[in-house]
Each structure stands twice: as C-alpha cells, then as structure tokens.
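> Below is one structure. I have some questions about it.
The values are calculated or read from the model by the stated rules, or taken from the named source; none is laboratory data. Keep in mind the model is a prediction, meaning the values are calculated, not measured. Quick reminder, even Gly has a Cβ in these numbers, built from the backbone with ideal geometry, and neighbours come from all protein chains shown.
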Amino acid sequence: MIKDMSERGAKFHEFSLHSVLFKGRLDWYWCYLKTDKIAQVLAHLSVMTPDVGEVMRAAAALPSQIAHLAAGEIDAAIVLSDIYALLSELRVLQAAQLIDRENVLILQREYEQVAERLVAGSHPSPFAATADLSVTLPDGQHATLPALEVGKAAGKSSGLKALSDRAKKILDIVRKNKSVSIKDIAGEVRGCSEKTLQREIATLIEARLVRKVGERRWTLYLPL
C-alpha cells in the first residue's frame, strides 16, 4: 500500500487546509487529491494502451481545474462538466474495447465520488484536519488498475463524541450495510419516529459522516 501521508506530506496537508486557497474547503482539497491519484492511474493505463492518452491528459488537467476553482477563478459547474465529459469518454473507450469494463467501472465510481464531493464543497466547512485526508493507492481490485481510496471525510473522534447515542447507532447501521433507507434504519432503531431519525441523520450528513442519495421514498444513506 502506497500512502500519501508521510510526515512531510502530512505537514503539507496541514498547510494546504489552512492556506488561503483551501481554508474551509476540505471537500475541494479532497477532490484535488483524489483526481491527482486517478490521473496517475490513467497515466499507467496510457502506457499499456496508447489510445487512452487523450483521456489521461484531460484527467491530468482536472486537479489544476479544482485548484483554480478554489481560487475563485472558475465556476464549480465548469469543473463538474469536465468530470461528466471524462465519464462519457471512459464509456466510449469501453465500448471501443480500449479499456476493459472492470477498469471503467472503478474509474467511473471514483469520478462519481469526486462529483458528489465537489458539489458538497460549495458549502465550506470550518472543520478540517489532516487525519481526514489519508489518500491511499492500494493493490487493485483488478489486475491492471488499482482501486482508489480516500479517508473518511469527517470521522474525527471529536465529532463522534458530539453525536447522540442514537446517531452513533444509526452511523453504525449505515457503515455496516453500506446503503440503507429510512425504513431499514427504523427497523433497527426502535422507540422513535422516522422524523426523529431524519433529524439524527441530518446531523450525520452535516458532519460529513453520511451522504444522502435519491429523493423521497427512493432516498438512501451511504457512509463517507
């Protein structure tokens, strides 16, 4: 496992999180680090498959785009459109059998996470720490492409201590099951209404411990 959290790296993360560029922008700094790692993987693929070169160059430009976004030089919608363009290009490469399906699925999942965090980063948070940014590049889920992981965004011990016992139980349920509905949670957390559960879930979302996908009866809660 290759970790981007050496002592020197940790100090630079600390500097970045308090710099004029990324201060309060944990999600955007997360996106910067994540897209940098994805670009490295695509660079590796482009060596084996030259046709991936154009997509790799677009991916390599994305961390710079996020830095310019944090500087206020471009709009979030522009960066988001670049991510959607990359997703489309990856699917085209798969259709042309230039990248195998397993690799495209991994890359697609990673870019979808970046898109979600990019939108979340439009609302800056004053809470940030280097412990939230452990970026790893572990051995792969597929022979040619390593999976990418980034540490949980706001699972700080101080934040967990501030949660109610009910919220902690909900968090455990979400992390255990990976994807749950309010009905699933209500089935395990007894003695309170769904409205009460939703209030507890809202605190977990605000703390960047849980994310919400979908709307109304199709809403699901996933761990961060």
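> Do the conditions hold for Ile106, that is, is it over 19 Å from Leu224 (Cα atoms) and within 20 Å of the chain's Cα centre (by Cα)?
no
> So, Leu17, is that one in the same structural domain as Ala115 (by TED's automatic domain parsing), within 17 Å of the chain's Cα centre (by Cα) and modelled with pLDDT under 85 or not?
On the way: in the same structural domain as Ala115 (by TED's automatic domain parsing): yes; within 17 Å of the chain's Cα centre (by Cα): yes; modelled with pLDDT under 85: yes.
Here the answer is yes, as Leu17 does meet what is asked.
> Moving on to the next point. Go through segment 67-99 and count every residue that is farther than 23 Å from Ser46 by Cβ and in contact (Cβ under 8 Å) with a residue 12 or more places away in the chain. Before the answer, list the steps.
Applying the first criterion (farther than 23 Å from Ser46 by Cβ) to segment 67-99 yields 68-78, 80.
Okay, now just the ones that are also in contact (Cβ under 8 Å) with a residue 12 or more places away in the chain, so 69-71, 76, 78, 80.
Number of matching residues: 6.
> Looking only at segment 34-60, filter to residues that are of a type in the set (D, E, K, R) and modelled with pLDDT of 80 or more; which one of those is farthest from Leu118 (Cα to Cα)? Show your work before the answer.
Of all residues in segment 34-60, those of a type in the set (D, E, K, R) come to 34, 36-37, 51, 54, 57.
Cutting the leftovers down to modelled with pLDDT of 80 or more gives us 34, 36-37, 54, 57.
On the way: Lys34: 11, Asp36: 14, Lys37: 16, Glu54: 23, Arg57: 20 Å.
This residue is Glu54.
> Would it be correct to say that Thr196 is surrounded by 14 or more Cβ atoms within 10 Å (Cβ to Cβ), polar (S, T, N, Q) and either modelled with pLDDT of 80 or more or not in a helix (DSSP H, G or I) (or both)? Can you show your working first?
On the way: surrounded by 14 or more Cβ atoms within 10 Å (Cβ to Cβ): no; polar (S, T, N, Q): yes; either modelled with pLDDT of 80 or more or not in a helix (DSSP H, G or I) (or both): yes.
In short, no.
> Look through segment 199-217, keep the residues that are at pLDDT below 85 and charged (D, E, K, R), and return whichever of them is surrounded by the fewest Cβ atoms within 10 Å (Cβ to Cβ).
Arg216
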